[in-house]
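Undergrad: Sharing a structure below in structure tokens format, with a few things to ask.
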Amino acid sequence: MMLPDSRSAALLPPGRDARAFRTAAGGLVLGYVAVQAFQAHVFGTFPAPASAAEELLQGAAPLHVARSSLMLVWMFALIFISWVICAQGMRRRPILAGAAFLGFFMFGLFEVALRSVELFWTQIQLPAAYLKTADPALRATILDKVATFQSIQHALYFPLMFAPWLGSIGVFFLFPRTPRIHWALKAGMAIAIIRTAVRLLAYAGIELMSLAFYEKIYFLLVVVEFLPKAYWLFRVGDDQG
């Protein structure tokens, strides 16, 4: 079914409403960069934990709980941002747009599930239980639960990263080379494709970048990946899908 305003992107309201959706998505992108900046600050505030118990109790600190809460909320925002971007190109290439959004949507579902368990179980419930008991056996059991979750989380990060990697490739090819505004989005997607590919290759034993170095430059990668995306959302027009 065609929208009443032929200039509008499919699945987005016509005219000024479509612009409002893109502006909101652009604002959420900037918010995500700010949340990542706060996360980098929190990680830099705490020293490296000397033991599993210290790591567990650090996670329960108010700053870490605030960090995890913001990241959980922004996973829903990332799903909305992806929907707005893919909807912009839906009329031109509906199958590719739908497939790209599916990749980002799967990423969002994985992230919401994992971050919910991390926040409510390993950062709130388990530390409280650990502090309530002095029994070494019970404390060891709690630490074993955390270690098990971390192992499952690590294993799930392969599909978690693979899905948005495919989505990023889809968005890169979703929009044409003209007008030039699309190159801002393509640049951000290209960085996401390369960054995620490096991490995926590590699962295959091909380590192009050490994890320590990746974590050191992670926030910089977030900035150069997401700011072009925000620029595109603020500047692209209804007829530039």
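The values are calculated or read from the model by the stated rules, or taken from the named source; none is laboratory data. These numbers come from a predicted model, not from an experiment. Glycine also receives a Cβ, built like all others from the backbone with ideal geometry; neighbour counts cover every protein chain displayed.
Undergrad: Pick out the one residue from ALA97, ALA147 that is within 30 Å of ILE194 (Cβ to Cβ) and among the small types (Gly, Ala, Ser).
TA: Going through ALA97, ALA147 in turn, the sole match is ALA97.
Undergrad: For segment 123-136, indicate whether the set of residues that are without any contact (Cβ under 8 Å) to a residue 12 or more places away in the chain and surrounded by 13 or more Cβ atoms within 10 Å (Cβ to Cβ) is non-empty.
TA: yes
Undergrad: Residue check: is ARG177 touching a Phe, Trp or Tyr at 6+ places or on another chain (Cβ under 8 Å) and without any contact (Cβ under 8 Å) to a residue 12 or more places away in the chain?
TA: yes
Undergrad: On the given criteria, is ILE152 over 23 Å from GLY44 (Cα atoms), modelled with pLDDT under 95 and β-branched (Val, Ile, Thr)?
TA: When the stated conditions are applied, ILE152 passes them.
Undergrad: Can you confirm whether MET71 is outside any helix (DSSP H, G or I), under 25 Å from ALA24 (Cα atoms) and of a type in the set (A, V, I, L, M)?
TA: no
Undergrad: Regarding segment 86-109, can at least one residue be identified that is in a helix (DSSP H, G or I), under 23 Å from ILE169 (Cβ atoms), of a type outside the set (Gly, Ala, Ser) and touching an Asp or Glu at 6+ places or on another chain (Cβ under 7 Å)?
TA: Looking for residues that are in a helix (DSSP H, G or I), under 23 Å from ILE169 (Cβ atoms), of a type outside the set (Gly, Ala, Ser) and touching an Asp or Glu at 6+ places or on another chain (Cβ under 7 Å), one finds none in segment 86-109, hence no.
Undergrad: Could you please give the count of residues in segment 168-213 that are of a type in the set (Ser, Thr, Tyr) and over 23 Å from ALA155 (Cβ atoms)?
TA: 1
Undergrad: Of these, LEU126, LEU200, which one is aliphatic (A, V, I, L, M) and either modelled with pLDDT under 95 or under 23 Å from VAL29 (Cα atoms) (or both)?
TA: LEU200
Undergrad: Here's a follow-up. Would you tally the residues in segment 44-54 being in contact (Cβ under 8 Å) with a residue 12 or more places away in the chain and part of a helix (DSSP H, G or I)?
TA: 3
Undergrad: I would also like to ask the following. Name the residue that is farthest from SER82 (Cα to Cα), counting only residues in segment 180-221 that are in contact (Cβ under 8 Å) with a residue 12 or more places away in the chain and of a type in the set (Gly, Ala, Ser).
TA: Only one residue tops the list, namely ALA197.
Undergrad: Based on this model, can you work out whether PHE213 counts as closer than 20 Å to ARG22 by Cβ and not in a loop (DSSP other than H, G, I, E, B)?
TA: Judged against the criteria, PHE213 is not a match.
Undergrad: Still on this structure: Pairs please, first residue from segment 60-74 and closer than 16 Å to ALA37 by Cβ, second anywhere and of a type in the set (Val, Ile, Thr) and in a helix (DSSP H, G or I), Cβ atoms under 6 Å, 6+ apart in sequence or on different chains.
TA: LEU63/VAL42; ARG67/VAL42; LEU70/VAL35; TRP74/VAL35
Undergrad: Can ARG115 be described as basic (Lys, Arg), in contact with a helix residue (DSSP H, G or I) (Cβ under 6 Å, 6 or more places away or on another chain) and either within 27 Å of VAL73 (Cα to Cα) or surrounded by 13 or more Cβ atoms within 10 Å (Cβ to Cβ) (or both)?
TA: yes
Undergrad: Answer with yes or no whether VAL171 is surrounded by fewer than 15 Cβ atoms within 10 Å (Cβ to Cβ) and at pLDDT 95 or above.
TA: In short, no.
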